[in-house]
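Notes for the one structure printed next.
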Amino acid sequence: MTVNTTSPAATVEKSFNADQAQAQARLLFQDSARWIADNWLQVLVALGVGAAIVVVLLVVRRWGVRLCRNDRAGWGTVAGRAVARTSVFFMVMLAAKLVDGYASAPPMVTATIEFLFTVAAVFQAAIWAREVILGVVERRTASDHYHGEALASAMGLIRLLVTFALFSVALIVVLDNLGVNVTGLVAGLGVGGIAIGLAAQGIFADLFAALSIIFDKPFRRGDNVSYDQTNGSIAEIGLKSTRIRSITGEERIISNKNLLDKEITNNSRREHRRASFVIGVTYQTDPDVCARIPAMLREIVEAEQRVFVRCGFVGFGASSLDFELIFDSPGVDYAAFYDGRTAVGIAILRRFNAEGIEIAYPTQVNMTARADGSIVDPAPAAR
């Protein structure tokens, strides 16, 4: 035996709601028929104007499609994509809204047009905003100075997040215009968003770090970077982590958030590489010869096609008179810098040998004293 659990009150309420909806639909139809019969000329003119407005909007949408094809890398593409996503329903409701007052439509028809126009306008605005945001992201990553490999893996999630956020706001606005109390819905979405954010905060932190890499562009794939004790080239920038090929051959993987928290040196954006030598000459070197050493070293550096920075006397060492030489090698190529530094060092050695300047090395001299404390010459003059 089947038991009917529906209460009589609920049945009456449902029947009442259905009858009320049918009555409103019948009233709308009757008012519309009476209005068309009494104002047929104004209605025809309004329909003609509305059709012309729709045609103009269709032409504008077609122009947006053509703009996307012709301007593939500029801001015109972003605007064209938004215009091209304009819906026909929005065009029709916009035209109806513009010509509504001309034909003196009855209140029921006006209210219906107002409601449909609100729905169309709100969701169309969400579509436009989504296309503009995604277009800006794609344009930033498609520039000549960035490969956009992070976008390839992140674009699906970015599109999902942007679409969910914009259409949630659009839905709330529509419900609010219908007179629905959306306070509970907004609170529920807020609590749900906080819960999701706390549960996946690590993933979102790395995702936003990846977006920071996209927009701020501290490095790109192929750049040679250094952080902490790691030095290598960027192999891949992913949604959650970045892979770095170390100079010793192994692949190092670090999360995007942890990587951006460090001080990163991008060696690929150097204007030059700097080298320095500390050269010590013996204490027996003549002071006049020491005075000529900075100019001598400058000639050597410039002869090797390097950029002289500075050179001078820096101190009295334990076994030497110390001079410091600083010079730059133009460009970022480490191999060229390495070879240039070697060439400068060998050229210094040749020049010092030719000039008779002795490069010092650690030495010790033992002195013998007489009983009265006077020093015995360790190398007495030959007799």
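Give the residue that is nearest to N224 (Cα to Cα), with candidates limited to residues of the stretch 283-325 that are among the β-branched types (V, I, T), within 46 Å of the chain's Cα centre (by Cα) and surrounded by fewer than 16 Cβ atoms within 10 Å (Cβ to Cβ). Top of the filtered list is V307. Applying the criterion of at least 3 residues that are surrounded by 17 or more Cβ atoms within 10 Å (Cβ to Cβ), modelled with pLDDT of 70 or more and in the same structural domain as L116 (by TED's automatic domain parsing) to the helices (runs of 4 or more DSSP H) found wholly in the stretch 4-100 leaves 40-70, 75-84, 88-99.
Of all residues in the stretch 107-125, none that is closer than 25 Å to F164 by Cβ and in contact (Cβ under 8 Å) with a residue 60 or more places away in the chain has its Cβ atom under 7 Å from the Cβ atom of a residue that is hydroxyl-bearing (S, T, Y) and assigned to a helix (DSSP H, G or I), 6 or more apart or on another chain. Output yes when any residue across the stretch 353-376 is basic (K, R), at pLDDT below 85 and over 30 Å from I247 (Cα atoms), and no when none is. Yes, the stretch 353-376 contains at least one residue that is basic (K, R), at pLDDT below 85 and over 30 Å from I247 (Cα atoms). Yes or no: the stretch 262-269 includes at least one residue that is surrounded by 13 or more Cβ atoms within 10 Å (Cβ to Cβ) and in contact with a helix residue (DSSP H, G or I) (Cβ under 7 Å, 6 or more places away or on another chain). No, the stretch 262-269 contains no residue that is surrounded by 13 or more Cβ atoms within 10 Å (Cβ to Cβ) and in contact with a helix residue (DSSP H, G or I) (Cβ under 7 Å, 6 or more places away or on another chain). Taken over the stretch 231-259, the criterion of being farther than 20 Å from F215 by Cβ, within 23 Å of the chain's Cα centre (by Cα) and either of a type outside the set (V, I, T) or surrounded by fewer than 16 Cβ atoms within 10 Å (Cβ to Cβ) (or both) is satisfied by N231, G232, S233, A235, R243, R245, R252, I253. Exactly one residue out of I264, I279 is closer than 30 Å to F208 by Cβ and touching a strand residue (DSSP E or B) at 6+ places or on another chain (Cβ under 7 Å), and it is I264. Looking at the stretch 211-294, none of the strands (runs of 3 or more DSSP E) lying wholly inside it contains 2 or more residues that are assigned by TED's automatic domain parsing to the domain that holds D339 and at pLDDT below 90.
The values are calculated or read from the model by the stated rules, or taken from the named source; none is laboratory data. None of these values were measured; they are calculated from a predicted model. Neighbour counts are summed over all protein chains in view; Cβ atoms, including those assigned to glycine, are modelled from backbone coordinates with ideal geometry.
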